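Let me begin by presenting the structure, written as structure tokens, before commenting on it.
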Amino acid sequence: MAETKPKPKLNKKAVEMAKQEPKVRAKNFKEVALGYTEAEAQEEASRCLTCPKPQCMTACPVEVPIPTFIKCIKEKKYAEGIAAIKTKNALPAVCGRVCPQEVQCQSKCVIGKMGDPISIGRLERFLADWERENGSQLPPKPTPTGKKVAVIGAGPAGLTVAADLIKQGHEVTEFEALHVGGGVLSYGIPEFRLPKAIVQNEVNYVQKLGVDLRLGNLIGRTHTIPELMKEGGYDAVFIGSGAGLPQFTGCPGENLGGIYSANEFLIRVNLMKGYLFPEYDTPIRIGKHVVVIGGGNVAMDCARCSMRLGSDVCLVYRRSRDELPARHEEIENAEEEGLVCKFLAAPVEFYGDERGWVKSMKAVCMELTEPDAKGRRGVKVIPDSEFTMEVDTVIIAIGQTPNPIIQRTTEGLQSDPRHGTITVNEVGKTSLDGVYAGGDVATGAATVISAMGAGKRAAKAMHEYLTNKK
Amino acid sequence: MVPHEKGERVPLTISGYDAKKGTVSFAFHEVGKTTKELGCYSEGQEILNVTGPLGNPSEIKKFGKVLCIGGSIMIAPLLLQVKAMKAAGNQVTTVLGARTKEAMIMEKEAKTLSDKVYVATDDGSYGNKGLDFLNDLLKKEKFDRCVVMGPVVMMRDVSAITKPFGIPTVVTLTPIMIDGMGMCGVCRVTVGGKMMFGCVDGPEFDGHQTNFEELILRQRTMLPEERLGSLLWETSGGCKCGGNKA
Ligand SMILES: Cc1cc2nc3c(=O)[nH]c(=O)nc-3n(C[C@H](O)[C@H](O)[C@H](O)COP(=O)(O)OP(=O)(O)OC[C@H]3O[C@@H](n4cnc5c(N)ncnc54)[C@H](O)[C@@H]3O)c2cc1C
Ligand code: FES
């Protein structure tokens, strides 16, 4: 029963999403972006043309049926809308908040050619938040296949594989080393960008599907993969152990007190709730003058946490503003909150006081070189350009490489000796029979949605493998 | 180990296990808030999360004559190694160190497990005074390996003593740790001029290559906060277990 409606006039401006005022939010850890109201979601959804050949979907790594869920919003069929998303994406409340939509779905939206693209992420978030308030529905229970799967790591990749395989009727056990699930979503991305209650809710959903989540299990130490397959009776294993090994600069003085890896800082602040010390037991010691080295999402998160803990923050990045790899929205947010950036500079040495605490940093100026064949610009040091900065806290956010324990303790599992990534084919199969891998551990640090995409592909391949295995 | 929702993650060395009963045991001094609090737990009370064992297993094999030196609370896990070294066919001499006579623990156990036992106290109230006697011992006897577990200062001093004698010396380093799985880097130590992570590359390292001074400074980085946490806990009533502890 197709309705015939007069064509709506195209509204080129997207509906803004309310945020906490910069001055206010720079002092608290509450969520910055407040989400659409129902009326705002209606208005934004009404801008969607429901294209018959939607381009947005082609740019989504997990192929969320975008026009379908937006149409559901227009028709106020919210439960149907969220169900449509969940056929493809088990973590919509997360993706609606942290996906780089500007380079994915929204970059292909046809309205984007004439004005603002549809705010797909915000609408996805609206439905996910609606569901959280109104209760979620579980899909019908599948018939058990009798096959057992072990999933290692409860980050986006692992949770996706677990959800997809349990829906196919396989028995799934998920082993997570930390004492909470969620991976980077729990220990890395701060509360003000992604509230932990939301992450927990998404983890709970996967558990409600029937996944047995076992916390405090570091695979490679507490059990090895061969043990899981031989003694544990698992028919297949998925490795989604992420990229959590912090990189350091190698500059002299880096082991002084007050110099944190981004991960240490974020784990103290987010996972262990150091910002609530002494109510929570894990302390975080931070000075007045904080320098964050790096320019990605991780660096932005460290900088914004530091400002919330009361410090002045200077971001030191070796390339220029145009090369900053962080999400655009977060760069804007951070600058509104008072972030100062020093571009084209890199540290050389750190100096400490008599108690071994950092007190200053020597740095050099850099310049961009001509773009290489791939169009990427390198950097080189400008001679005699050294300068010194007074600092009392330094946070090193120059990247993470894959957690190495599984690679070291699993015989026959091929990995790249230079990058530490586990070697996989296009569907995530590793060099071992029945063992699959995906997400940051296979690609190096990337994005939530790409980890989920890899999880989707691996889950499909694993299902085929399990079905054909006698 | 994470005691409860709001707790810290603290690293503890395993000092015993019973595979039949499925239990592990830990020995710790009540020094900060978390250990004081754990000390108040009553039998049967639940701990939020225990992950492990983490880190590399100790290298246990037949070396010949092994000198095992334990200080303070680390005597408990050391004796586990003594037992294993003995079982691997080594001749084991054990040295127990403590601040004072009263602080000495597990001497009887050490005697049953080892071929020979020496004791030493910082103040000389019991056995040898300090560890200088090791110099004489090493001049008299040849050892093929030395294992030290104890306070960092003690491990540093023992390593300095064994070095001229060329005895391979293994120390168990105890930097600050959070995740214990190689993700935060707070446990970084310098060994042989290279950055290593105590939790995944260790905990055992070559005592002759370890930069102990750096480790000592790094262990103290959160001291003011640790003291504050502990003090606040005590002034807010501290132990609420009903007073079965002093
Ligand atoms: C601070 C920060 C901010 C970010 N911001 C964004 C953003 O805004 N948008 C975006 O798209 N992406 C962002 N990212 C990247 C994104 O979070 C990751 O790409 C994504 O989480 C990778 O998912 P994963 O499942 O592969 O691994 P992870 O999320 O890292 O999860 C791996 C899990 O496996 C566990 N594990 C590791 N080893 C073992 C083992 N041996 N045994 C058992 N468990 C193990 C870990 O504890 C962890 O829970 C950010 C990353 C960081 C660090
Ligand atoms: S304790 Fe975090 S890396 Fe070792």
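When region A:251-281 is filtered for residues that are of a type in the set (Gly, Ala, Ser), at the interface with chain B (Cβ under 8 Å from one of its Cβ atoms) and away from ligand 1 (no atom under 15 Å from the Cβ), the ones remaining, listed by number, are A:GLY257, A:GLY258. If the condition is being open to solvent by less than 60 Å² (accessible area, probe 1.4 Å) and closer than 19 Å to B:GLY150 by Cα, then region B:212-222 contributes B:PHE212, B:GLU214, B:LEU215, B:ILE216, B:ARG218, B:GLN219. Annotation note: Cβ proximity below 6 Å between a residue of region A:346-363 that is of a type in the set (Asp, Glu) and a residue that is part of a strand (DSSP E or B) (sequence gap 6+ or interchain) occurs for A:GLU349/A:LYS362; A:ASP353/A:LYS359. Taking region A:106-153 as the range and being without any contact (Cβ under 8 Å) to a residue 24 or more places away in the chain and either surrounded by 19 or more Cβ atoms within 10 Å (Cβ to Cβ) or part of a helix (DSSP H, G or I) (or both) as the test, the residues that pass are A:GLY112, A:LYS113, A:GLU133.
Is it true that some residue in region A:282-296 is hydroxyl-bearing (Ser, Thr, Tyr), closer than 20 Å to A:ALA177 by Cβ, more than 26 Å from the chain's Cα centre (by Cα) and within 14 Å of chain B (Cβ to nearest Cβ)?
Kept after step one, since they are hydroxyl-bearing (Ser, Thr, Tyr), are these residues of region A:282-296: A:282.
So of that shortlist, the ones also closer than 20 Å to A:ALA177 by Cβ come out as A:282.
Narrowing further to those that are more than 26 Å from the chain's Cα centre (by Cα): none.
Taking every residue of region A:282-296 in turn, none turns out to be hydroxyl-bearing (Ser, Thr, Tyr), closer than 20 Å to A:ALA177 by Cβ, more than 26 Å from the chain's Cα centre (by Cα) and within 14 Å of chain B (Cβ to nearest Cβ).
I'm trying to understand the selection: among the residues of region A:171-199, which are in a loop (DSSP other than H, G, I, E, B) and more than 17 Å from A:ARG214 (Cα to Cα)? Scanning region A:171-199 gives A:GLY188, A:ILE189, A:PRO190, A:GLU191, A:PHE192, A:ARG193, A:LEU194, A:PRO195.
Summed over region A:238-249, residues that are within 11 Å of ligand 1 (Cβ to nearest atom) and either among the polar types (S, T, N, Q) or farther than 30 Å from A:ILE395 by Cα (or both) total 2.
Could you please let me know if A:ILE219 is more than 8 Å from every other protein chain (Cβ to nearest Cβ), at pLDDT 95 or above and in contact with a Ser or Thr (Cβ under 8 Å, 6 or more places away or on another chain)? Here the answer is no, as A:ILE219 does not meet what is asked. Candidates B:GLY64, B:GLY55, B:GLY71: the one that is touching an Asp or Glu at 6+ places or on another chain (Cβ under 6 Å) and open to solvent by less than 30 Å² (accessible area, probe 1.4 Å) is B:GLY64. The residue list A:THR443, A:THR409 contains one member that is more than 20 Å from the chain's Cα centre (by Cα), within 12 Å of ligand 1 (Cβ to nearest atom) and outside the structural domain of A:GLN104 (by TED's automatic domain parsing), which is A:THR409. Scan region A:200-216 for residues that are within 14 Å of chain B (Cβ to nearest Cβ) and in a loop (DSSP other than H, G, I, E, B) and the total you get is 1.
Screening region B:162-185 for residues that are away from ligand 1 (no atom under 16 Å from the Cβ) and within 14 Å of chain A (Cβ to nearest Cβ) and picking the one that is farthest from A:ASN403 (Cα to Cα) gives B:LEU173. Evaluated against (1) away from ligand 1 (no atom under 11 Å from the Cβ); (2) free of Cβ contacts under 8 Å to residues at least 60 places away in the same chain, A:TYR465 falls short on exactly one condition, (2).
Check A:ASN217, A:ASN204 and return the single one that is within 8 Å of ligand 1 (Cβ to nearest atom), open to solvent by 10 Å² or more (accessible area, probe 1.4 Å), more than 14 Å from the chain's Cα centre (by Cα) and not assigned by TED's automatic domain parsing to the domain that holds A:SER360. First the steps, then the outcome.
Values: A:ASN204 fails: within 8 Å of ligand 1 (Cβ to nearest atom).
The conditions single out A:ASN217.
Every listed requirement among (1) in contact (Cβ under 8 Å) with a residue 24 or more places away in the chain; (2) within 13 Å of ligand 2 (Cβ to nearest atom); (3) not charged (D, E, K, R) is met by B:PHE205 save one, (2). Taking region A:77-94 as the range and being closer than 15 Å to A:ASN201 by Cβ, in contact with a Cys (Cβ under 9 Å, 6 or more places away or on another chain) and touching a residue at least 60 places away in the same chain (Cβ under 8 Å) as the test, only A:ASN89 passes.
The values are calculated or read from the model by the stated rules, or taken from the named source; none is laboratory data. None of these values were measured; they are calculated from a predicted model. So basically every Cβ, Gly included, is an ideal-geometry build from the backbone, and we count neighbours across all protein chains shown. Heads up: the accessible areas ignore ligands, DNA and RNA and are worked out on the full protein's heavy atoms, side chains in. Shrake-Rupley method; radii C 1.70, N 1.55, O 1.52, S 1.80 Å.
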